[in-house]
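The values are calculated or read from the model by the stated rules, or taken from the named source; none is laboratory data. Because the structure is a prediction, the values reported are computed rather than measured. With ideal geometry, Cβ positions are generated from the backbone for all residues, glycine too; neighbour counts draw on all protein chains shown. Accessible surface is based on the protein model in full, side chains and every heavy atom, while ligands, DNA and RNA are left aside. Shrake-Rupley method; radii C 1.70, N 1.55, O 1.52, S 1.80 Å.
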Amino acid sequence: MADETNRATFLEIQGRIIEITGKLKQLQTQIRNKEGEKKRAFLTLEELKQLSEDTNAYKSIGRTFVLESKSVLMNEQEQKFKDSETAIASLQTSKEYLEKQMAEVENNLRELLATRIQV
């Protein structure tokens, strides 16, 4: 009977490890994507800063280019940059939480194995 409960507990812990690992990989991918967006916004801002105020600037919308003022484009890029930073911070918090959960689950597995070895 004890062997049966140990097996069920082990399978539950194994399932949680697989679930948390999947979530961590997904979060890492999202963080990488947001970091790419942030870098793109930063580089675009740097290029826009070099232009004079009277330079024609075009914004890409799908396959179309629309004439926009430099200030509008800079505001959009600054907003994208800030949004990316906020999203990255939020994702990092979630990642830390999942890492703590993973450590807890791994500790539970060690305890289960330690009790199994002693029996």
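Just the number, please: carbon plus sulfur as a percent of the accessible area of the chain, 1.4 Å probe, no ligands or DNA/RNA counted. Mind dumping the intermediate values first?
On the way: 4720 of 9010 Å².
Result for the chain: 52 percent of the exposed heavy-atom area is carbon or sulfur.
For the stretch 35-119, report the accessible area per residue in Å² (1.4 Å probe, heavy atoms, rounded to an integer). The partial results should precede the final answer.
Details: 6400 Å² over 85 residues.
I get 75 Å² per residue for this part.
Using Cα-Cα distances under 8 Å and only pairs 6 or more residues apart, what relative contact order does the chain have, in percent? Walk me through the numbers on the way to the answer.
Details: 76 pairs, mean separation 46.3, N = 119.
Worked out over the chain, it gives 39 percent.
From the convex hull of the Cα coordinates of the stretch 16-93, what is the mean projected area in square nanometres?
On the way: hull surface 25.0 nm².
In nm², the orientation-averaged hull projection of the stretch 16-93 is 6.3.
Can you tell me the orientation of helix 2-50 relative to the chain, as the angle in degrees between its alpha-carbon axis and the longest Cα principal axis, to the nearest 10?
10 degrees
Provide the packing ranking of 96-103, 32-39, i.e. peptides ordered by the mean count of other C-beta atoms within 10 Å per residue, highest first. Show your work: numbers first, answer last.
On the way: 96-103: 13.2, 32-39: 14.8.
In decreasing order of mean packing, 96-103, 32-39 become 32-39, 96-103.
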